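Undergrad: Right, I'll just put the structure down here and ask away after.
What follows draws every value from the coordinates through simple rules; no lab data is involved. Just so it is clear, the structure is predicted and the values come from calculations on it, not from any experiment. Please note: Cβ atoms are built from the backbone with ideal geometry, for glycine as well, and neighbour counts cover all protein chains shown.
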Amino acid sequence: MSKHKNSLPKSTELNIALIHGWGMNPGAFTQTINELDVQLKSQFGEESSRFNVQNISLPGHGDKHDLIPQPYDLEQIAINIGAELAKNSIVIAWSLGGLVGQYLASQGHPNIIGLITIASTPKFQMTQEWPGIKPQVLQMFMQQLTKNHNQTLTRFLAIQMMGVDNAKQLIKDITKAIEVYPAPNIEALSAGLTILQDADIRDKLQYIEVPTLRLYGRLDSLVPHDAVNQIQKLQPQSKSLVFKHASHAPFLTDAKVFCQHIVDFIASVAKVTK
């Protein structure tokens, strides 16, 4: 595994690869991409033309609605996503997508030069020694999924925005954005919940060599604040930042400030100068 290079030639094209979370699709990042475009142009001028944005669907979601890897597990999803990543990719991955991003980075994927996780963790389900989602919550979603998956996704969105002042409007906005794409495949939703229940890659974080920025919401009940320090201990060279008034989707609740941190990270990784 090769060490990360500290700088890239100015002529090098850079890829910003976005990976969404469970039950969502690339539409979730519509606002983020627009804001990133504005800030990249503002900060880097003509240099911003070096950046390409790649908005990737998880298998069974978005434009991959009919693609269901067998088995549908973390490794197979990572293989699918990893095959799409262009050279010199800075991966920005949310929730379940963040689990995939961490896995790929820990495997030393040759095209990844930086990793940003959003409201993500190496282990989602709570255990006696690890803060996370209560097992009964995930079990409830699994049971509800078989009855009415649209209602299940609506409830999941509500949990993601819990405690946020303008939660109703944010849910309305993201729902409108994701409805541009096909509804997620029920098989992918079920298998994705199983991954959230079972996946544990805590022992792999030590192998992530690329610069890593971890972004969290203080009000997040899916990735509790108590997990932040524990994750930091597993990857001490990473940087963590907590948005005080955000829950599971800080890129929506704190869009401008969130994107500024993204742009600053991109600049530091790629050594981009105006």
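Undergrad: Any idea what angle helix 96-106 forms with the longest principal axis of the chain, computed on alpha-carbon atoms, 0 to 90 degrees, nearest 10?
TA: It is inclined by approximately 50 degrees.
Undergrad: Now for a different question. Gap in Å between the Cα centre of the stretch 202-240 and the Cα centre of the stretch 13-60?
TA: Using only Cα atoms to place each centre, the spacing works out to 22 Å.
Undergrad: Please give the helix 255-270 orientation as an angle from the longest Cα principal axis of the chain, in degrees from 0 to 90, rounded to the nearest 10.
TA: On a 0 to 90 degree scale, this one is about 50.
Undergrad: Project the alpha carbons of the stretch 164-229 onto their principal axes and report the range along each, largest first, in whole Å.
TA: Extents along the principal axes: 39, 33, 23 Å.
Undergrad: Evaluate the Kirkwood expression for the hydrodynamic radius of the chain, namely the inverse of the mean inverse distance over all pairs of different C-alpha atoms, and round to one decimal in Å.
TA: 18.6 Å
Undergrad: When DSSP assigns beta bridges and you keep just the ones with both residues in the stretch 14-270, what percent turn out antiparallel, to the nearest 5? Working shown, then result.
TA: Working: 1 of 28 bridges.
So the antiparallel bridges amount to about 5 percent of the total.
Undergrad: Let me ask something additional. With +1 on each Lys and Arg Cβ and -1 on each Asp and Glu Cβ, and nothing else charged, work out how big the dipole of the chain is about its Cα centre, in Debye to the nearest 20.
TA: In debye, rounded to 20, the chain gives about 580.
Undergrad: Counting other beta carbons within 10 Å of each Cβ, put Glu35, Glu13, Glu129 in order, fewest first.
TA: Ascending number of Cβ neighbours within 10 Å: Glu129, Glu13, Glu35.
Undergrad: Just to be sure I understand the model, the point goes 7 Å from the Cα along the line to the Cβ. What's the resulting Glu129 to Gln206 distance in nm?
TA: 1.4 nm
Undergrad: Something else about it: For Ala83 and Thr194, compute 0.36 nm times the residue count separating them, minus their Cα-Cα distance, and round to one decimal in nm.
TA: Length gained, Ala83 through Thr194: 37.7 nm.
Undergrad: Moving to a separate point now. Taking each pair of distinct Cα atoms in the stretch 27-91 once, what is the resulting Kirkwood hydrodynamic radius in Å?
TA: Result for the stretch 27-91, one decimal place: 13.8 Å.
Undergrad: Another one. Is the stretch 64-174 rounded, prolate or oblate when judged by the Cα gyration tensor, a ≥ b ≥ c being the square roots of its eigenvalues, rounded requiring a/c under 1.5 and prolate requiring a/b larger than b/c?
TA: Prolate shape, in that a/c is at least 1.5 and a/b is the bigger ratio.
Undergrad: Starting with the fewest neighbours, write out Ser57, Ser221 ranked by other beta-carbon atoms found within 10 Å of each beta-carbon.
TA: So the residues, fewest neighbours to most, are Ser221, Ser57.
Undergrad: Based only on other Cβ atoms within 10 Å, what is the fewest-to-most ordering of Ser120, Ser48?
TA: Taking fewest neighbouring Cβ atoms as first place, the list is Ser48, Ser120.
Undergrad: Here is a further query. Arrange the peptides 165-175, 186-196 so that the one whose residues have, on average, the most other Cβ atoms within 10 Å appears first.
TA: Listed from highest to lowest mean packing, they are 186-196, 165-175.
Undergrad: Right, next: Rounded, prolate or oblate, given the Cα gyration tensor of the stretch 167-274, with a/c below 1.5 counting as rounded? Let's see the in-between values first.
TA: Details: a/c = 1.62, a/b = 1.18, b/c = 1.37.
Oblate.
Undergrad: Can you pull the one-decimal nm distance between simple spin-label points at Gln144 and Thr12, each 7 Å off the Cα toward Cβ?
TA: 4.5 nm
Undergrad: Given an 8 Å cut-off on Cα distances and at least 6 residues of separation, report the relative contact order of the stretch 14-270 as a percent.
TA: About 25 percent, as a whole number.
Undergrad: So how tilted is helix 186-198 from the main axis of the chain? Cα-based, degrees 0 to 90, rounded to 10.
TA: Approximately 80 degrees, to the nearest ten.
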